[in-house]
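Structure record follows, encoded as structure tokens.
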Amino acid sequence: MNMKGTNDTIEMLQYQLKRYKAMRKGAACQSLQLKLQKLTSQSAND
């Protein structure tokens, strides 16, 4: 995945995470947080 696509995906996940937190959806927050951590670690390694 290119850098622009990765950054867009990270921004989208961060937005979704904020929305789920506002709706108090704990399980969804945890899964999104995991995806976000994986993407940020991948982009840091690239």
Contour minus Cα-Cα span, LYS35 to ASN2, at 0.36 nm per residue, comes to 10.2 nm
Computed about the Cα centre, the charge dipole of the chain from +1 Lys/Arg and -1 Asp/Glu charges at the Cβ has a magnitude in debye, to the nearest 20, of 340 debye
Taking Cα atoms only, helix 26-45 is inclined relative to the longest principal axis of the chain by an angle, in degrees rounded to 10, of 10 degrees
To the nearest Å², the heavy-atom accessible area per residue of the chain with 1.4 Å probe amounts to 81 Å²
So the compactness index of the chain, its C-alpha Rg divided by 2.2 N^0.38 Å, takes the value 1.18
The helix 3-22 Cα axis meets the longest alpha-carbon principal axis of the chain at an angle in degrees, between 0 and 90 and rounded to 10, of 10 degrees
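Counting only protein heavy atoms and using a 1.4 Å probe, what share of the accessible area of the chain belongs to carbon plus sulfur, as a whole percent?
Roughly 51 percent, rounded to a whole number.
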Judged on accessible area alone, 1.4 Å probe, highest first, ASP46, ASP8 line up as ASP46, ASP8
Residues whose modelled amide H sits under 5 Å from the amide H of LYS25, counting only those 5 or more places away in sequence or on another chain, are none
With all protein chains present and a 1.4 Å probe, the order of LEU34, LEU39 from largest accessible area down is LEU34, LEU39
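The values are calculated or read from the model by the stated rules, or taken from the named source; none is laboratory data. These numbers come from a predicted model, not from an experiment. Please note: Cβ atoms are built from the backbone with ideal geometry, for glycine as well, and neighbour counts cover all protein chains shown. Protein only, heavy atoms only, side chains kept; ligands, DNA and RNA dropped before computing areas. Shrake-Rupley method; radii C 1.70, N 1.55, O 1.52, S 1.80 Å.
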